[in-house]
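What follows is a set of notes on a single structure, which appears directly below.
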Amino acid sequence: VERALSWVEANPPPVGVPPGARTPPDAAAYPEWKDWCERFHASGLATLQWPAQWGGAGLDADEAAEVTEVLAAAAMPLSLSDVGINLVGPALMAFGTSEQQQRHLPPIRNGTACWAQLFSEPEAGSDLASLRTTAVPAGDGWEVTGQKVWSTYAHIADWGFLLARTGTRAERHRGISAFLVPMDALGITVRPLREITGDADFNEVFLDSVYLDSQALVGGVGSGWRVAMDLLAVERQVTGRNIISLRAEMDRLAALLTVEPTEDLALLAGELCADISAVLALGETTPQPDGGAAMTKIAFSELNIAVHQAALDYVRDPAHEVAEGWARRWKDSYLYARAYTISGGANEVLRNVLAKRVLRLPAS
Ligand SMILES: Cc1cc2nc3c(=O)[nH]c(=O)nc-3n(C[C@H](O)[C@H](O)[C@H](O)COP(=O)(O)OP(=O)(O)OC[C@H]3O[C@@H](n4cnc5c(N)ncnc54)[C@H](O)[C@@H]3O)c2cc1C
């Protein structure tokens, strides 16, 4: 915690970046952002829960949460290495070969490699097992053809973590394998998709006969579903953990509201604070109840919308003066908030999973 406090003080976010920003506003801002990220990684604060063997701080979830609180209170921007640190790194530790680990974990740890997750397709989001991108044996390796969509950071990524079909479509999830893809490989085209926020941090990715060598396969032929399910469970946990940042956001908003409270907003702020505390308490429960990560993810994503709706109502009132960075940040966060109800598994689908597997409700 001490180290986090002194690091955030000595390393302000890149120039012009609003508090808590997600992505560089344009290509010109990218090098400075990347430089800041590399300093963040060098401090050891980016890989709090990675084991010491791979250069991590080896903290448990509670210790990591304390440090995250400090970083959230400082309104740090995102480090662009989230996919690598939280998803690809743990997947490689669990399923990668020793060569894959030696090659890829150090650059993720050091913040020098950016990763994209290449799972979703136009006809395969919630129903991921119906994906159509194929990987067929070619020489010593594989030839991959297909299309991915909503691939966050693919436009700046060095590597992609890809799911592709190595079996037949009838095999559904059993016919899926996972691959590591260099994003500069011949045959890859990345087209940015602009979101309602005005940013373009996710993309369409077209793969046209892309050759991957034999080192690209992770976890064996047909193991992709197991790898993906582990990775998506972590993604849900990571999204849910944003509740820590949301509390920091709520604290800032509540501080404003006590200066110029309107009764409605003050009441709402009280309710939101109570709900956030309840979700934090759920996240701190050990062992986690069955379905805990899904519950936290659903609760965080819905509270996140409510908090940013309240922030927006406050900002929109001409009687209130809000620092430029924060007004921009809250508008952006409000527009982006809906995304968390979809990414990492749509809330409706997660509710179905909770109903079936945790509450054991009968299928209708
Ligand atoms: C901001 C953001 C970033 C993302 N980043 C990535 C990324 O980096 N890599 C990646 O691979 N993907 C990414 N995704 C994609 C994400 O995983 C998918 O959007 C998600 O799985 C939902 O799939 P879909 O968009 O195809 O919607 P659909 O699956 O078509 O769902 C549409 C609607 O139908 C509902 N629905 C679907 N099936 C059911 C059901 N059985 N029961 C009840 N309701 C149902 C859903 O809840 C949803 O409301 C990202 C998405 C967002 C929003």
field: Sum of -39500 (n - 2.57) over DSSP H runs of 4+, divided by residues of the chain (222 nm, nearest 500)
entry: -14000 deg cm²/dmol
- prompt: Loop-only check: which trypsin sites (Lys or Arg not before Pro) in segment 112-203 are DSSP coil with at most 13 other Cβ within 10 angstrom?
  reply: ARG194
message: I want to check the label-to-label distance for ASP60 and GLN102. Put each point 7 Å from Cα in the C-beta direction and report it in nm to one decimal.
response: 3.4 nm
query: Among 313-319, 206-212, 328-334, what's the highest-first ranking by average C-beta atoms within 10 angstrom per residue?
result: 328-334, 206-212, 313-319
message: So if I take the centroid of the Cα atoms in segment 41-103 and the same for segment 269-319, what is the distance between those two points in Å?
response: 24 Å
query: VAL136 to GLU9: FRET efficiency via 1/(1 + (r/R0)^6), r the Cβ-Cβ distance, R0 41 Å, to the nearest 0.05?
result: 0.15
- request: For GLY160, enumerate residues with amide H under 5 Å from its amide H, sequence gap 5+ or separate chain, H modeled in the peptide plane.
  value: ALA116, VAL181, MET183
task: Can you figure out the FRET efficiency of VAL353 with ARG174, using R₀ = 25 Å and their beta-carbon distance, to the nearest 0.05?
output: 0.80
- request: At a Cα cut-off below 19 Å, give the lysines reachable from LYS356, other chains included and same-chain residues fewer than 8 away excluded.
  value: LYS297
field: ³J(HN,Hα) computed for each position of segment 131-140 - Karplus, 6.51 cos²θ - 1.76 cosθ + 1.60, integer Hz, glycine/proline x
entry: 4, 10, 4, 10, 10, 10, x, 8, x, 7
statement: Between VAL218 and residues 5 or more places away or on another chain, the pairs with built amide H atoms under 5 Å apart involve ALA178, PHE179, LEU180
task: At most 13 other Cβ atoms within 10 Å and a DSSP loop assignment: could you name the GluC sites (Glu not before Pro) in segment 121-228 that fit?
output: GLU123
- prompt: Each residue of segment 181-196 in turn: what ³J(HN,Hα) in whole Hz from Karplus with 6.51, -1.76, 1.60 and θ = phi - 60°, glycine and Pro shown as x?
  reply: 10, x, 5, 9, 5, 4, x, 9, 10, 10, 10, x, 10, 8, 8, 4
- request: Evaluate E = 1/(1 + (r/R0)^6) for ARG316 and GLN215, where r is the Cβ-Cβ distance and R0 equals 45 Å; express this FRET efficiency to the nearest 0.05.
  value: 0.25
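Each value in this text was obtained by applying a stated rule to the coordinates, not by laboratory testing. None of these values were measured; they are calculated from a predicted model. Note that each Cβ is placed from the backbone with ideal geometry, even for glycine, and that neighbours are counted across all protein chains shown.
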